[in-house]
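S.K.: Okay, handing you the structure first.
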Amino acid sequence: MSATPRNGALHALMTDFESPSQFMQACVKVRDAGYRHWDAHSPFPVHGMDDAMGIRGTRLPWIVLVGGITGFSAALLMQWWMNAVDYPYVISGKPLLGLPANFPVIFELTVLFSAFACFFGMWGLNGMPRWHHPLLANDRFRRASQDRFYVVIEARDPKFDSERTRAFLASLGGAVVEEVREIVEA
Amino acid sequence: MMKPQVEAWDNTKDDPTKPVELILGGNDFTSITEKVSDIVLERKTPRAWYIAITATAGLTGIMFLMIAYLFMRGVGVWGLNNPVGWAWDITNFVFWVGIGHAGTLISAILFLLRQKWRTSINRFAEAMTIFAVICAGIFPGIHVGRVWVVYWLFPLPNNQAMWPNFRSPLLWDVFAVGTYMTVSLLFWYTGMIPDLATLRDRAKGRVKQAVYGALALGWRSSHRHWHRYEKAYLLLAGLATPLVLSVHSVVSFDFATSQIPGWHTAIFPPYFVAGAVFSGFAMVGTILIPARKWFGLEAIITKHHLENMNKIILATGSIVGFAYATEFFIAWYGGNPNESFAFINRAFGPYAWAYWTMVTCNVVTPQLFWSKKIRTNLTVMWIMYIFVNIGMWFERFVIIVSSLSRDFLPSSWAYYRPTPVDIMTFVGSFGLFFTLVLLFIRFLPMIAMAEVKTVMPIADAHSGERRSVGDYHGDIPSHIRDGGSPK
């Protein structure tokens with residue numbers, strides 16, 4: 001990809017670390033400094049980061065629960081309507097809606113709907129897909145998915161001040177403090 | 001890859017005072033990333049790969065030719081007769097669905113059980129699950145007879161205002177296998193998103209950057225994302241676990257809810273699930289052993305991983321053997337003459353050759369894994385995997401064909417023989433399976449890089465303060481393990 005665009009407005013300041021422990025200590029400091037619009041990027045989920053960053057629990061499980069209930073009800077209604085109402089099947093005098101025989105499909109659709117809710121719920125909460133992001137245009141940031149650990153404070157944070165935040169990030173002990181610019185369309 | 005060094009890597013010694021090293025060869029985050037992603041991005045495609053895919057694609061072509069012939073002429077081109085209306089096709093279906101189960105066991109159940117060694121092999125096993133289920137799905141689809149109304153399997157509105165019968169286990173199968181395929185795909189893709197981002201960030205060509213970039217969905221390795229991602233992964237694992245147990249249970253209902261002697265048994269669901277895991281692990285091993293050698297991944301997929309797999313094969317193989325014995329016991333103890341005849345007929349009737357092949361491969365061979373020498377010897381274990389693959393195919397064949405060929409009415413008994421079309425369709429399905437495997441190892445990361453990184457000792461932000469990272473041996477506090485005082 002082309003070189004990092006430098007002409008856009010300041011999106012964020014970023015610094016990077018080599019080891020998970022330095023990274024986590026830095027995150028604790030950013031959290032305690034009171035920043036809100038900031039993030040930590042690493043090639044794998046570092047254990048204990050939720051606390052270090054002060055991330056609250058996600059509502060994803062509730063979305064999945066709704067998906068599961070939908071799947072369960074849809075499967076039950078579908079089988080009842082198709083086999084007992086719209087096209088009644090009489091097989092060896094058995095009841096038209098017999099839960100034991102209808103349960104396998106109910107179970108499968110509960111799992112199916114829950115899995116879709118989980119998959120797309122995660123996309124929705126994470127704002128995915130988003131192919132166009134200032135960080136993705138930054139060449140240095142490419143190692144975030146490989147072997148380096150990044151702390152990024154965004155310019156829209158109320159506490160952000162380009163000089164003071166830069167000094168603060170430099171004090172965390174990372175390698176370099178770098179500016180991340182907004183992407184400007186040619 | 002330097003040979004003598006690889007030979008020296010042995011992490012199968014059970015030393016309870018040290019955590020097992022899951023990743024060998026002094027690797028760090030950088031080297032893991034390079035080793036795995038270079039296979040896809042940097043290395044020249046080996047000539048052997050082209051030769052292999054030509055062969056497997058050829059076999060796939062043969063399978064589709066056979067299917068075309070079947071569609072033109074009808075199921076009479078198979079060796080089916082009256083009373084054997086289900087034979088190789090359904091055997092192949094159950095065989096392939098079963099193979100898939102190892103992938104889900106490794107990816108979901110071992111994840112819930114916090115078995116960290118799964119990270120080196122889960123991507124591969126999950127890919128295999130999907131490919132095996134694709135192969136499985138073909139067989140019932142082409143077996144329906146009137147293929148032009150195959151959509152009747154699904155509850156679709158049609159001009160006869162007719163709906164499928166939801167009380168039929170064959171319909172349960174449609175939902176179970178369909179859900180299994182879909183959820184396995186979602187789980188596999190979810191696990192791959194961070195690694196696709198790695199490939200996007202390392203790719204040099206525009207096309208590769210665009211394709212991997214699109215597939216990575218703009219993943220930025222953010223911890224706010226990781227948080228939801230890990231929750232999603234955990235939930236999918238929790239959903240996939242009961243699902244995988246249900247799939248082969250439902251497959252076994254196809255038989256167990258019928259009245260054929262030898263099929264109508266309550267033991268089928270657990271017995272089928274254990275057999276499925278057993279056969280699936282053997283298939284994972286069959287492909288993994290050559291793959292780790294060809295691509296120099298011995299440091300990531302270590303002997304310890306293979307030994308653990310062999311222990312699971314031993315456990316599930318013993319369950320399968322025990323189930324065979326239980327079936328015989330119940331056939332005698334239940335006092336039903338048709339049932340006891342069905343089992344005596346299996347072992348000593350016209351299909352005795354198939355029965356004893358099955359017993360040798362599935363009951364006798366895995367027991368050799370009690371020996372540590374055998375379970376850590378690559379050549380021997382690979383041969384054993386082949387035995388298990390053969391044995392598990394024969395298990396399904398024995399259950400299906402021996403029961404059908406001699407049912408209640410002796411005047412209608414008949415012996416089933418496969419035709420060349422039967423055989424070539426089955427062989428061709430291996431072509432399809434291996435074609436998909438070859439495409440996978442060429443274009444996608446075959447090791448879950450992000451997950452492997454999490455189980456390396458250097459990934460622990462508290463290393464030195466807390467317990468070490470390893471597998472169960474790592475539960476020993478570091479000050480006891482190292483003989484020092486607590487920090």
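S.K.: Would you tally the residues in segment A:42-70 being facing chain B (nearest Cβ under 7 Å) and either touching a Cys at 6+ places or on another chain (Cβ under 6 Å) or in a helix (DSSP H, G or I) (or both)?
M.R.: The initial filter retains those residues of segment A:42-70 that are facing chain B (nearest Cβ under 7 Å), namely A:42-50, A:53, A:55, A:58, A:60-61, A:64.
Right, trim to either touching a Cys at 6+ places or on another chain (Cβ under 6 Å) or in a helix (DSSP H, G or I) (or both) and you get A:49-50, A:53, A:60-61, A:64.
Final tally of qualifying residues: 6.
S.K.: Going by what's in this entry, would B:V150 be described as among the β-branched types (V, I, T) and either more than 30 Å from A:D139 (Cα to Cα) or in contact with a Gly (Cβ under 6 Å, 6 or more places away or on another chain) (or both)?
M.R.: Spelling it out, B:V150 is indeed among the β-branched types (V, I, T) and either more than 30 Å from A:D139 (Cα to Cα) or in contact with a Gly (Cβ under 6 Å, 6 or more places away or on another chain) (or both).
S.K.: I've got another one for you. Where in segment B:1-93 are there helices (runs of 4 or more DSSP H), lying wholly inside it, with at least 2 residues that are within 14 Å of chain A (Cβ to nearest Cβ)?
M.R.: Details: elements: B:3-8, B:29-41, B:47-73.
Because the criterion is at least 2 residues that are within 14 Å of chain A (Cβ to nearest Cβ), the helices (runs of 4 or more DSSP H) in segment B:1-93 that meet it are B:29-41.
S.K.: Residue check: is A:A9 away from chain B (no Cβ under 11 Å), in contact with a strand residue (DSSP E or B) (Cβ under 8 Å, 6 or more places away or on another chain) and not charged (D, E, K, R)? If you could, list the steps in order and put the result at the bottom.
M.R.: Numbers: away from chain B (no Cβ under 11 Å): yes; in contact with a strand residue (DSSP E or B) (Cβ under 8 Å, 6 or more places away or on another chain): yes; not charged (D, E, K, R): yes.
It is true that A:A9 is away from chain B (no Cβ under 11 Å), in contact with a strand residue (DSSP E or B) (Cβ under 8 Å, 6 or more places away or on another chain) and not charged (D, E, K, R).
S.K.: A further question follows. May I ask you to list the residues in segment B:42-97 that are polar (S, T, N, Q) and more than 30 Å from B:V247 (Cα to Cα)? Quick ask: steps written out before the conclusion?
M.R.: Initial filter on segment B:42-97 (polar (S, T, N, Q)): B:45, B:54, B:56, B:60, B:81-82, B:91-92.
If the condition is that a residue be polar (S, T, N, Q) and more than 30 Å from B:V247 (Cα to Cα), then B:T45, B:T54 are the ones that fit.
S.K.: How many residues does segment A:174-186 contain that are in a loop (DSSP other than H, G, I, E, B) and either within 24 Å of the chain's Cα centre (by Cα) or under 27 Å from A:P20 (Cβ atoms) (or both)? Reasoning before the result, please.
M.R.: So in segment A:174-186, the residues in a loop (DSSP other than H, G, I, E, B) come out as A:174-176, A:182-186.
So of that shortlist, the ones also either within 24 Å of the chain's Cα centre (by Cα) or under 27 Å from A:P20 (Cβ atoms) (or both) come out as A:174-176, A:182-183.
Residues flagged as in a loop (DSSP other than H, G, I, E, B) and either within 24 Å of the chain's Cα centre (by Cα) or under 27 Å from A:P20 (Cβ atoms) (or both) within segment A:174-186 amount to 5.
S.K.: Residue by residue through segment A:15-38, note down the ones that are hydroxyl-bearing (S, T, Y), under 15 Å from A:R166 (Cβ atoms) and in a loop (DSSP other than H, G, I, E, B). Lay out the reasoning, then the answer.
M.R.: Quick first cut of segment A:15-38, residues hydroxyl-bearing (S, T, Y) only: A:15, A:19, A:21, A:35.
When the remaining residues are screened for being under 15 Å from A:R166 (Cβ atoms), the result is A:15, A:35.
Result: A:Y35, single match.
S.K.: Looking at segment B:201-222, which of the residues that are more than 9 Å from chain A (Cβ to nearest Cβ) and touching a residue at least 40 places away in the same chain (Cβ under 8 Å) is nearest to B:Y151 (Cα to Cα)?
M.R.: Of the residues in segment B:201-222, the ones more than 9 Å from chain A (Cβ to nearest Cβ) are B:203-205, B:207-208, B:210-212, B:215.
Right, trim to touching a residue at least 40 places away in the same chain (Cβ under 8 Å) and you get B:203-204, B:208.
On the way: B:A203: 42, B:K204: 45, B:K208: 38 Å.
Ranking the qualifying residues of segment B:201-222, first place goes to B:K208.
S.K.: Give the residues of segment B:90-120 that are surrounded by fewer than 24 Cβ atoms within 10 Å (Cβ to Cβ) and in contact with a Pro (Cβ under 8 Å, 6 or more places away or on another chain), sorted by residue number.
M.R.: Scanning segment B:90-120 gives a single hit, B:I90.
S.K.: Tell me, yes or no, whether segment A:73-85 has at least one residue that is in the same structural domain as A:F119 (by TED's automatic domain parsing) and more than 17 Å from B:W163 (Cα to Cα).
M.R.: Kept after step one, since they are in the same structural domain as A:F119 (by TED's automatic domain parsing), are these residues of segment A:73-85: A:73-85.
Next, only the ones that are more than 17 Å from B:W163 (Cα to Cα) stay: A:73.
Yes, segment A:73-85 contains a residue that is in the same structural domain as A:F119 (by TED's automatic domain parsing) and more than 17 Å from B:W163 (Cα to Cα).
S.K.: Please specify each residue of segment A:52-80 satisfying the condition of being within 19 Å of A:L112 (Cα to Cα), in contact with a helix residue (DSSP H, G or I) (Cβ under 7 Å, 6 or more places away or on another chain) and open to solvent by 20 Å² or more (accessible area, probe 1.4 Å).
M.R.: Passing the criteria: A:P61, A:I63, A:V66, A:T70, A:F72, A:A74, A:L76.
S.K.: Same structure, new question: Only one residue in B:W263, B:W188 is in a loop (DSSP other than H, G, I, E, B) and more than 8 Å from chain A (Cβ to nearest Cβ), so which one is that? First the steps, then the outcome.
M.R.: Details: B:W188 fails: in a loop (DSSP other than H, G, I, E, B).
Sole residue among the options that is in a loop (DSSP other than H, G, I, E, B) and more than 8 Å from chain A (Cβ to nearest Cβ): B:W263.
S.K.: Shifting gears a bit: For segment A:140-173, name all the residues that are open to solvent by 20 Å² or more (accessible area, probe 1.4 Å), assigned to a loop (DSSP other than H, G, I, E, B) and under 27 Å from B:L196 (Cβ atoms).
M.R.: Within segment A:140-173, A:R148 is the sole residue that qualifies.
S.K.: Go through (1) part of a helix (DSSP H, G or I); (2) open to solvent by 20 Å² or more (accessible area, probe 1.4 Å); (3) hydrophobic (A, V, I, L, M, F, W, C) for B:A291 and report which single condition fails.
M.R.: Answer for B:A291: the failing condition is (2).
S.K.: Residues that are free of Cβ contacts under 8 Å to residues at least 40 places away in the same chain, more than 19 Å from B:I267 (Cα to Cα) and within 27 Å of the chain's Cα centre (by Cα): list the helices (runs of 4 or more DSSP H) wholly contained in segment B:333-411 that include at least 1 such residues. Show your work before the answer.
M.R.: Numbers: elements: B:337-348, B:352-359, B:372-375, B:378-397.
Hits in segment B:333-411: B:352-359, B:372-375, B:378-397.
S.K.: Related question: Output the residue which, of all residues in segment B:266-288 that are part of a helix (DSSP H, G or I) and of a type in the set (V, I, T), is nearest to A:L112 (Cα to Cα). Outline the logic, then answer.
M.R.: Let us first name the residues in segment B:266-288 that are part of a helix (DSSP H, G or I), namely B:268-288.
Subset that is of a type in the set (V, I, T): B:273, B:277, B:284, B:286-287.
On the way: B:V273: 20, B:V277: 22, B:V284: 26, B:T286: 31, B:I287: 29 Å.
Among residues in segment B:266-288 that are part of a helix (DSSP H, G or I) and of a type in the set (V, I, T), the one nearest to A:L112 (Cα to Cα) is B:V273.
S.K.: For segment A:17-37: of the residues being open to solvent by 10 Å² or more (accessible area, probe 1.4 Å) and facing another protein chain (nearest Cβ under 10 Å), which is nearest to A:V180 (Cα to Cα)?
M.R.: As a first pass, look at segment A:17-37 and keep what is open to solvent by 10 Å² or more (accessible area, probe 1.4 Å): A:18-19, A:21-22, A:24-25, A:28-29, A:31-37.
Pick out the ones that are also facing another protein chain (nearest Cβ under 10 Å) and you get A:18-19, A:21-22, A:24-25.
Values: A:E18: 19, A:S19: 22, A:S21: 24, A:Q22: 22, A:M24: 21, A:Q25: 22 Å.
Across segment A:17-37, the extreme among qualifying residues is A:E18.
S.K.: Here's another thing I want to ask about it. Let me confirm something: among A:E182, A:E163, A:E178, which residue is touching a Pro at 6+ places or on another chain (Cβ under 7 Å), among the acidic types (D, E) and modelled with pLDDT under 90? Explain how you work it out, then say what you get.
M.R.: On the way: A:E163 fails: touching a Pro at 6+ places or on another chain (Cβ under 7 Å); A:E178 fails: touching a Pro at 6+ places or on another chain (Cβ under 7 Å).
When all the criteria are applied, what remains is A:E182.
S.K.: Shifting gears a bit: Among what's in segment B:246-257 and is in contact with a Pro (Cβ under 8 Å, 6 or more places away or on another chain) and away from chain A (no Cβ under 12 Å), pick the residue that is nearest to A:V46 (Cα to Cα).
M.R.: If we filter segment B:246-257 for residues that are in contact with a Pro (Cβ under 8 Å, 6 or more places away or on another chain), which is where we start, we get B:246, B:248-250, B:252-254, B:256-257.
Add one more test, that the residue is away from chain A (no Cβ under 12 Å), and what stays is B:248, B:256.
Working: B:H248: 36, B:A256: 47 Å.
Here the answer is B:H248.
S.K.: Out of everything in segment A:128-139 that is more than 7 Å from every other protein chain (Cβ to nearest Cβ) and open to solvent by 40 Å² or more (accessible area, probe 1.4 Å), what residue ends up being farthest from B:R220 (Cα to Cα)? Spell out the reasoning first.
M.R.: Applying the first criterion (more than 7 Å from every other protein chain (Cβ to nearest Cβ)) to segment A:128-139 yields A:132, A:134, A:137-139.
Within this subset, residues satisfying the condition of being open to solvent by 40 Å² or more (accessible area, probe 1.4 Å) are A:132, A:139.
Working: A:H132: 11, A:D139: 13 Å.
Within segment A:128-139, the match that is farthest from B:R220 (Cα to Cα) is A:D139.
S.K.: Is there a residue in segment A:109-125 that is without any contact (Cβ under 8 Å) to a residue 60 or more places away in the chain, within 7 Å of chain B (Cβ to nearest Cβ) and small (G, A, S)?
M.R.: yes
S.K.: So the check is Cβ under 6 Å with 6+ separation or different chains; which pairs have a first residue in segment B:162-188 that's β-branched (V, I, T) and a second one that's open to solvent by less than 40 Å² (accessible area, probe 1.4 Å)?
M.R.: From segment B:162-188, the pairs are B:T179/A:E108; B:T179/A:V111; B:T179/A:L112; B:V183/A:A115; B:V183/B:A240; B:V183/B:L243.
S.K.: Can you pull out every residue in segment B:25-39 that is small (G, A, S) and either at pLDDT below 85 or open to solvent by 30 Å² or more (accessible area, probe 1.4 Å) (or both)?
M.R.: Here is the first cut: in segment B:25-39, the ones small (G, A, S) are B:25-26, B:31, B:37.
Scanning segment B:25-39 gives B:G25, B:G26.
S.K.: Scan segment A:81-96 residue by residue and report those that are touching a helix residue (DSSP H, G or I) at 6+ places or on another chain (Cβ under 9 Å) and more than 9 Å from every other protein chain (Cβ to nearest Cβ).
M.R.: A:P95, A:L96
S.K.: Give me a count of the residues in segment B:6-53 that are within 24 Å of the chain's Cα centre (by Cα) and over 24 Å from B:K453 (Cα atoms).
M.R.: Adding up the residues that qualify gives 3.
S.K.: Does B:T198 count as of a type in the set (S, T, Y), open to solvent by 30 Å² or more (accessible area, probe 1.4 Å) and within 8 Å of another protein chain (Cβ to nearest Cβ)?
M.R.: Details: of a type in the set (S, T, Y): yes; open to solvent by 30 Å² or more (accessible area, probe 1.4 Å): no; within 8 Å of another protein chain (Cβ to nearest Cβ): yes.
No; evaluated as a whole, the condition is false for this residue.
S.K.: Just for segment B:226-245: of the residues that are open to solvent by less than 20 Å² (accessible area, probe 1.4 Å) and at the interface with chain A (Cβ under 7 Å from one of its Cβ atoms), which one is farthest from the chain's Cα centre (by Cα)? Give the derivation first.
M.R.: Taking segment B:226-245 first, the residues open to solvent by less than 20 Å² (accessible area, probe 1.4 Å) are B:226, B:229, B:232-233, B:236-237, B:240, B:243-244.
Among the residues that remain, those that are also at the interface with chain A (Cβ under 7 Å from one of its Cβ atoms) are: B:226, B:229, B:232, B:236, B:243.
Working: B:W226: 28, B:Y229: 25, B:A232: 23, B:L236: 18, B:L243: 14 Å.
Among those that are open to solvent by less than 20 Å² (accessible area, probe 1.4 Å) and at the interface with chain A (Cβ under 7 Å from one of its Cβ atoms), it is B:W226.
The values are calculated or read from the model by the stated rules, or taken from the named source; none is laboratory data. Just so you know, these numbers come straight off a predicted model, no measurement behind them. We place every Cβ from the backbone using ideal geometry, glycine too, and count neighbours over all the protein chains shown. Protein only, heavy atoms only, side chains kept; ligands, DNA and RNA dropped before computing areas. Shrake-Rupley method; radii C 1.70, N 1.55, O 1.52, S 1.80 Å.
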